1. State which residue is most open to solvent (accessible area, probe 1.4 Å) when the search covers only the stretch 94-103 and only residues that are over 23 Å from residue 169 (Cα atoms) and free of Cβ contacts under 8 Å to residues at least 24 places away in the same chain.
2. Taking residue 87 as meeting all but one of (1) within 12 Å of the chain's Cα centre (by Cα); (2) open to solvent by 20 Å² or more (accessible area, probe 1.4 Å); (3) not aliphatic (A, V, I, L, M), write down the number of the exception.
3. So residue 16 passes all but one of these: (1) acidic (Asp, Glu); (2) open to solvent by less than 60 Å² (accessible area, probe 1.4 Å); (3) closer than 30 Å to residue 127 by Cβ. Which condition number does it fail?
4. With respect to residue 141, is the statement that it is over 28 Å from residue 106 (Cβ atoms) and in a strand (DSSP E or B) true?
5. Which ones in the stretch 114-169 are out of contact with any Lys or Arg (no Cβ under 8 Å at 6 or more places or on another chain) and acidic (Asp, Glu)?
6. Go through 133, 106 for me and flag whichever is open to solvent by 40 Å² or more (accessible area, probe 1.4 Å), aliphatic (A, V, I, L, M) and more than 30 Å from residue 72 (Cα to Cα).
7. What are the residues in the stretch 109-129 that are surrounded by 15 or more Cβ atoms within 10 Å (Cβ to Cβ) and of a type in the set (Val, Ile, Thr), if any?
8. Kindly provide the set of residues from the stretch 51-68 that are of a type outside the set (S, T, N, Q) and under 18 Å from residue 36 (Cβ atoms), ordered by number.
Amino acid sequence: DRKRTGQGTSAYANGDEYVGEFIDGTYHGQGTFTSAGGEKYIGEFNDGKYQGQGTATLASGNKYVGEFIDGRRVGQGTYTWVNGDKYFGEWKDDKKHGQGTYTFGAKSESVGEKYVGEYKFGRKNGQGTYNYANGDEYIGEFKDDKESVQGTYTYANGNTYIGEFKDGQAHGQGIYTFADGTVKEGIWKDGEYLGK
């Protein structure tokens, strides 16, 4: 029983199809895999797995262009959702991990918003900048997708809060400066000013 090596096509009873290079009967090299469910991968294979540069389009219409190792998104890549959301940056084990930019698309609930900063295991964690659709901006630390620890929140109306945050709200020591120059400095809890 000779195993295929070289260029070829394999069509399966379930509707899946592979067109590309083989080594010893395994997808290896450049190829295109199309599943019966509507998913498609074009790129490099190693021992039957997505490996290296490639483009994967899911049945949902979401699309990833970038690096793969052992079939998982790793390294640099761009993921685009059907609602127009887009993430460009670093990946590890199929999750956003490292530096990246996430922009919200035209069909998103958060249309016009943007995050640039650090991710850990798929969530905003570390230093980053978040621009809101209403013109507000937060620069500082994030923990589990929320403004946290220390940062600066600048409101579109000119007001600014500099200080500590917890779960996306002013919490701890902080200074709130109104656009007219009025200042509230002291302790905050869950977004409410408690005084000095």
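1. Among those residues, the one meeting the criterion is 99.
2. Answer for residue 87: the failing condition is (2).
3. Going through the list (1) acidic (Asp, Glu); (2) open to solvent by less than 60 Å² (accessible area, probe 1.4 Å); (3) closer than 30 Å to residue 127 by Cβ, residue 16 breaks only (3).
4. yes
5. Within the stretch 114-169, 136, 137, 141, 147, 164 qualify.
6. 133
7. If the condition is that a residue be surrounded by 15 or more Cβ atoms within 10 Å (Cβ to Cβ) and of a type in the set (Val, Ile, Thr), then 116, 129 are the ones that fit.
8. Result: 56, 58, 59, 61.
The values are calculated or read from the model by the stated rules, or taken from the named source; none is laboratory data. Note that the structure is predicted; figures quoted are calculated from it, not measured. Note that each Cβ is placed from the backbone with ideal geometry, even for glycine, and that neighbours are counted across all protein chains shown. Protein only, heavy atoms only, side chains kept; ligands, DNA and RNA dropped before computing areas. Shrake-Rupley method; radii C 1.70, N 1.55, O 1.52, S 1.80 Å.
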